[in-house]
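Some notes on the structure that comes next.
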Amino acid sequence: MTLRVLVVDDHPAFRKALTSALRMVEDVEVAGEAGGGVAACEEAESLHPDLMLMDLSMPGLSGIDAMRRIHRRQPNLPVVILTAHADRGVEREARDSGVSGFLAKGTSLEELVVVLHEAAGDEPVGTGERTS
């Protein structure tokens with residue numbers, strides 16, 4: 001199964017690097033990008049991704065608040081948090097709020113893809129580069 005992922009991060013350079021890396025994975029499709037929590041809510045509604053990969057700390061609307069808003073309309077949409085603020089208290093708050101996965105920025109692409117598939121409820125085909 002190819003996962004359609006919406007990537008949300010307020011740092012454009014990081015978001016672009018992350019989407020570029022994900023595009024090299026054969027069973028992941030980048031459905032779209034958003035630069036903040038409000039845009040994430042709008043894009044989730046219009047793009048209908050299989051999963052969201054979202055930063056935690058963003059101006060305006062945090063990743064957790066955005067996820068709560070999104071879950072009001074799409075309660076089964078998995079959200080994986082990818083954050084620089086990966087301590088146990090923050091992770092506990094995120095998990096208590098309903099995230100499907102929680103990772104620190106700097107996690108390997110291979111581990112990230114495994115967590116995305118786990119959050120979506122399926123098994124990865126492989127984490128190798130696309131051949132086409």
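What the table below lists for this structure:
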item	result
Placed amide H near Thr83: partners under 5 Å, 5+ positions off or other chain	Leu103, Ala104, Lys105
Region 57-126: C-alpha gyration tensor shape, a/c 1.5 cut-off, then a/b vs b/c	oblate
Shape call, region 9-67: gyration tensor on alpha carbons, a/c limit 1.5	oblate
Alpha-carbon gyration tensor eigenvalues x 5, square-rooted, for the chain, Å	21, 16, 15
Percent accessible area from carbon and sulfur atoms, region 25-70, protein chains only, probe 1.4 Å	45
Table column - 3J(HN,Hα) (Hz), region 33-41, Karplus curve with 6.51, -1.76, 1.60, x for Gly and Pro	9, 9, x, x, x, 5, 4, 4, 4
Among Glu26, Glu111, Glu43, residue whose mean-square fluctuation peaks in a GNM of the chain (springs only between Cα atoms under 10 Å)	Glu111
Helix-only CD estimate at 222 nm, as mean residue ellipticity for the chain, using -39500 (n - 2.57) per DSSP H run (n ≥ 4)	-12500 deg cm²/dmol
Average accessible area per residue (Å²) across the chain - probe 1.4 Å, nucleic acids and ligands excluded	50
Most mobile listed residue (Ala86, Ala34, Ala13) in the chain, GNM with C-alpha springs under 10 Å	Ala13
Estimated FRET transfer efficiency when R0 is 22 angstrom, pair Ala21-Glu118 (beta carbons, to 0.05)	0.75
Using a Förster distance of 22 Å, the FRET efficiency for Ala13-Glu93 (Cβ separation, nearest 0.05)	0.25
Environment charge of Gly89, counting only residues whose C-beta is closer than 15 Å and scoring Lys/Arg +1, Asp/Glu -1	-1
Segment His85-Arg72, extension gain: residue separation times 0.36 nm, minus the distance between their alpha carbons	2.2 nm
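The values are calculated or read from the model by the stated rules, or taken from the named source; none is laboratory data. Keep in mind the model is a prediction, meaning the values are calculated, not measured. Cβ coordinates were reconstructed from backbone atoms using ideal geometry, including for glycine residues, and neighbour counts include every protein chain displayed. What goes into the accessible areas is simple: the full protein's heavy atoms, side chains included, and nothing from ligands, DNA or RNA. Shrake-Rupley method; radii C 1.70, N 1.55, O 1.52, S 1.80 Å.
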